[in-house]
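Step one of this worksheet: look at the structure below.
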Protein chains: 2
Amino acid sequence: MERTLDRDLDEIRQSLLRMGGLVEAMLDQAEKSLMERDADLAKHVIKSDPEVDRIEMDLDEMCYSVLARYQPAAVDLRFVAAVIKINNDLERVGDSAVNIAQAVLALSEEPPLKPYIDLPRLFEIVRGMVRDSLDSLVRQKPSQALDVCDRDDQVDGLYKQIFRELLTYMIEDPKVVTRALHLLLISRNLERVADHATNIAEDVIYYVEGRDVRHSAK
Amino acid sequence: MERTLDRDLDEIRQSLLRMGGLVEAMLDQAEKSLMERDADLAKHVIKSDPEVDRIEMDLDEMCYSVLARYQPAAVDLRFVAAVIKINNDLERVGDSAVNIAQAVLALSEEPPLKPYIDLPRLFEIVRGMVRDSLDSLVRQKPSQALDVCDRDDQVDGLYKQIFRELLTYMIEDPKVVTRALHLLLISRNLERVADHATNIAEDVIYYVEGRDVRHSAK
């Protein structure tokens, strides 16, 4: 089959969505491994990382090759430029899922600190942001992307609440310090995933509308 | 003066180095504000952030415009692709300097926890990595870039050591938990800056040699 710009752009789109699906699954599994204290599932998340790294490098290569081969302009150029950035953000979401899984492994060796209530809520909001940011790319819907950016404040608020609660635990009982720190690290990683989803949403707006809303949308 | 590819690429290079100089200065000032308990200097770091954000957006725009106008190939294309990524990494180094400065502000309201010994060492290694990664770009020296990647393990080791020490403090004395957490946050941000410097170094190797050493150099 002959190569054409449209065909190559479509291949890039498919690859990016596959990457998105993979890191979304890693986030899901990281949450499940935490809630169900499932060390095997946490290990599975950690083992997925090389696959994410591989797709990231392949996808970058595809983008550079399209730039060199076709010299795309206007919306096609913005699409490729956006993919180069989104690719990087997705890879870091995968890294965060791995960090969370590593904390889950450490936590699974000690008794549970407390029933988790805010943490699953944080997982839910953040996963929704990642899913919707990719969905706004597929549908080329800037309004959906803007909505993702708006949810970042909610995440920051919830993160601060969890931080304060864990701090209180640590001050009241030195025996829980290590476990509380692992939970803090999990929350912090989720807060970073929300930042990456926001970056992706901003790149979608840039790609579709050609305007740079970074540092102003938030 | 007529626009040419070489002239525009040179302008991009200058802009990137200005951005690098700015975030290096922010890191320096963040360290100084910590060591000298200087809240005003910490506030100055926080106030520098919008300038970094502005250069980031301008620089991206310049890169996209060069791609659209000249359709560069080979090493020029790799240079522009590398700058788009390095730009993003530098902006995040700026964010980390801001996070550190915010922790310094919080710490300046309480008595010092302990004399800092490992933390200035961590600052020094990390600042060197940022400086050398940009220097390897200017000199187009992959060997210098590889040397930056090699130092990342040293940073991870030092970070773990600081983490363990602060953990011990927290377990032994609940009164120091808040301060120890701020110091932990500072160390964690430095560890992330080292990751960004490593990314920059990997992008330099890609730009100069055309080979992707990510996920293998480390």
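The values are calculated or read from the model by the stated rules, or taken from the named source; none is laboratory data. Just so it is clear, the structure is predicted and the values come from calculations on it, not from any experiment. Every residue, glycine as well, gets a Cβ built from its backbone with ideal geometry; the counts of neighbours run over all protein chains shown.
Across segment A:174-188, what is the number of residues that are among the hydroxyl-bearing types (Ser, Thr, Tyr), within 19 Å of A:LEU122 (Cβ to Cβ) and at the interface with chain B (Cβ under 8 Å from one of its Cβ atoms)? Residues that pass the stated criteria total 0. If the condition is being within 10 Å of chain A (Cβ to nearest Cβ) and under 16 Å from B:GLY20 (Cα atoms), then segment B:47-62 contributes B:ASP49, B:PRO50, B:VAL52, B:ASP53, B:ARG54, B:GLU56, B:MET57, B:ASP58, B:ASP60.
Looking only at residues in segment B:1-28 that are under 18 Å from B:GLU124 (Cα atoms) and without any contact (Cβ under 8 Å) to a residue 60 or more places away in the chain, which one is surrounded by the most Cβ atoms within 10 Å (Cβ to Cβ)? Taking the candidates together, the pick is B:ALA25.
Taking the residues in segment A:168-190 that are in contact with an Asp or Glu (Cβ under 8 Å, 6 or more places away or on another chain) and surrounded by fewer than 20 Cβ atoms within 10 Å (Cβ to Cβ) as candidates, determine which candidate is farthest from A:ASP28 (Cα to Cα). Of everything passing the filter in segment A:168-190, A:PRO174 is farthest from A:ASP28 (Cα to Cα).
Name the residues in segment B:23-48 that are touching a Ser or Thr at 6+ places or on another chain (Cβ under 7 Å) and at negative phi, would you? Correct list: B:MET26, B:ALA39, B:LEU41, B:ALA42, B:VAL45.
Checking each residue in segment B:128-147 for being within 12 Å of the chain's Cα centre (by Cα) and surrounded by 18 or more Cβ atoms within 10 Å (Cβ to Cβ) picks out B:MET129, B:VAL130, B:ASP132, B:SER133, B:LEU134.
Could you tell me whether segment A:105-118 includes any residue that is among the hydroxyl-bearing types (Ser, Thr, Tyr) and either over 19 Å from A:MET19 (Cβ atoms) or free of Cβ contacts under 8 Å to residues at least 60 places away in the same chain (or both)?
Yes: one or more hits.
For every residue, the table says whether it meets (1) within 14 Å of chain A (Cβ to nearest Cβ); (2) of a type in the set (Gly, Ala, Ser); (3) not in a helix (DSSP H, G or I).
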site: B:GLU109; (1), (2), (3): no, no, yes
site: B:PRO112; (1), (2), (3): no, no, yes
site: B:TYR116; (1), (2), (3): no, no, yes
site: B:GLN154; (1), (2), (3): no, no, no
site: B:ILE171; (1), (2), (3): yes, no, no
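The set of residues from segment B:63-87 being hydrophobic (A, V, I, L, M, F, W, C), buried (at least 19 other Cβ atoms within 10 Å of the Cβ) and either touching a Gly at 6+ places or on another chain (Cβ under 9 Å) or more than 7 Å from chain A (Cβ to nearest Cβ) (or both) comprises B:CYS63, B:VAL66, B:PHE79, B:VAL80, B:ALA82, B:VAL83, B:ILE86.
Those residues that are more than 10 Å from chain A (Cβ to nearest Cβ) and at pLDDT 90 or above, I need them from segment B:203-212; list them, please. Correct list: B:ASP203, B:VAL204, B:ILE205, B:TYR207, B:VAL208, B:GLU209. As a summary of the residue check, B:PRO72 satisfies the conditions (1) in contact with a Leu (Cβ under 7 Å, 6 or more places away or on another chain); (2) part of a helix (DSSP H, G or I); (3) at pLDDT below 95 except for the one numbered (2).
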